[in-house]
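Encoded as structure tokens, the structure appears first; notes follow it.
The values are calculated or read from the model by the stated rules, or taken from the named source; none is laboratory data. On a predicted model such as this, the values are computed, not experimentally measured, just so you know. Accessible surface areas use protein heavy atoms only, side chains included; no ligands, DNA or RNA. Shrake-Rupley method; radii C 1.70, N 1.55, O 1.52, S 1.80 Å.
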Amino acid sequence: GAGVSQSPSNKVTEKGKDVELRCDPISGHTALYWYRQSLGQGLEFLIYFQGNSAPDKSGLPSDRFSAERTGGSVSTLTIQRTQQEDSAVYLCASSWGDAKNSPLHFGNGTRLTVT
Amino acid sequence: GENVEQHPSTLSVQEGDSAVIKCTYSDSASNYFPWYKQELGKGPQLIIDIRSNVGEKKDQRIAVTLNKTAKHFSLHITETQPEDSAVYFCARSGGSNYKLTFGKGTLLTVNP
């Protein structure tokens, strides 16, 4: 079946502009995660959704970052007033339970470049 | 805390040799330990996982071992092939939160 889909695959934006990144999880998966991966680095947790609620937002680096999930499905990560240090690959993952009891399935990410 | 240390950061082997990657964790409440493989331009893909009530798990050429007392777990790849070349990440979850914490990755290169 279809995996996790992320769009766009690449995004180049100017410093100070807002961007929206979209994630379509696997159908039926209730948990959704956003991670950030900087060049040559590991995966940095941003936010966790269970259904439409976000019980853990502890990884969002600043108030310029926000995310929402609607209908228990699609999620959008929004970065306002982008900065150069926001340049990274943003990965979305979904699972049928949560990370303590079910594997995460990742999309191929959105590569964000802030110029 | 929840940190995971992964070693080595790079590993180069000859085709047919074995490769071993090791990770250590500090949170004794950790109970789930997956390994992911990431190829260039793609998202991480789960290759094997183990839970804390099991000491070893094998799937064809890949095996994972867990030592709960020492708080470390390892990935073993036997009879390596060029297509095994990728970045491998270990991870852990458990305790009071619902997130997966990753190591910094190991770049494995299998030379033909």
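Report Rg/Rh for the protein assembly as shown, rounded to two decimals, where Rg is the Cα radius of gyration and Rh the Kirkwood radius. The partial results should precede the final answer.
Values: Rg = 17.6 Å, Rh = 18.1 Å.
Value, to two decimals: 0.97.
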Check your understanding: Of all the accessible heavy-atom surface of the stretch B:1-63, with the other protein chains kept in place and a 1.4 Å probe, what percent is carbon and sulfur?
Key -> 44 percent
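Relative contact order of chain A: what whole-number percent is it, with Cα pairs under 8 angstrom and at least 6 residues apart?
Relative contact order here is 37 percent.
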Check your understanding: Which value, in Å², gives the accessible area per residue of the stretch A:16-99 when a 1.4 Å probe is used on the protein heavy atoms?
Key -> 43 Å²
Exercise for review: Taking a cut-off of 29 Å between Cα atoms, list the lysines near residue A:15, but don't count ones fewer than 8 places away on the same chain.
Suggested key: A:57, B:42, B:104
Exercise for review: Show the residues, 5+ positions off or on another chain, whose built amide H is closer than 5 Å to the amide H of residue A:5.
Suggested key: A:24
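Given a 1.4 Å probe and every protein chain left where it sits, what share in percent of the accessible area of the stretch A:23-103 is carbon and sulfur?
Details: 1520 of 3250 Å².
Of all accessible area on the stretch A:23-103, carbon and sulfur atoms account for 47 percent.
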Check your understanding: Given a 1.4 Å probe and no ligands, DNA or RNA in the count, how much accessible surface is buried by A and B, both sides, to the nearest 100 Å²?
Key -> 1700 Å²
Point to revise | 3J(HN,Hα) from dihedral phi, the stretch A:56-67, Karplus parametrisation 6.51/-1.76/1.60, rounded to Hz, x for glycine, proline | key: 9, 10, 5, x, 4, x, 7, 6, 6, 9, 8, 8
Exercise for review: Would you kindly calculate the mean projected area, averaged across all directions, of the convex hull enclosing the Cα atoms of chain A, in square nanometres?
Suggested key: 6.7 nm²
Exercise for review: Give, ordered by residue number, each residue of the stretch B:34-50 whose 1.4 Å probe accessible area is reduced by a minimum of 50 Å² on adding the remaining protein chains to the chain alone.
Suggested key: B:44
Exercise for review: Could you give the spread of the C-alpha atoms of chain B along their three principal axes, from largest to smallest, in whole angstroms?
Suggested key: 44, 28, 20
**Study point:** Minimum 50 Å² accessible area buried by the other protein chains, the stretch A:86-101 residues, probe 1.4 Å, relative to alone
**Key:** A:99, A:100
Exercise for review: Quick one: among B:16, B:55, B:41, which has the greatest mean-square fluctuation in a GNM of chain B with alpha-carbon springs under 10 angstrom?
Suggested key: B:41
Study note, to complete from the structure: Over chain B, with neighbouring protein chains present, the accessible area per residue in Å² at probe 1.4 Å is 49 Å²
Review point. Counting pairs of alpha carbon atoms under 8 Å apart in space and at least six apart in sequence, what relative contact order in percent does chain B give?
Key: 37 percent
Exercise for review: Anything losing 50 Å² or more of accessible area from the isolated chain to the full protein assembly: pick those residues out of the stretch A:25-45, probe 1.4 Å, ligands and DNA/RNA ignored.
Suggested key: A:43
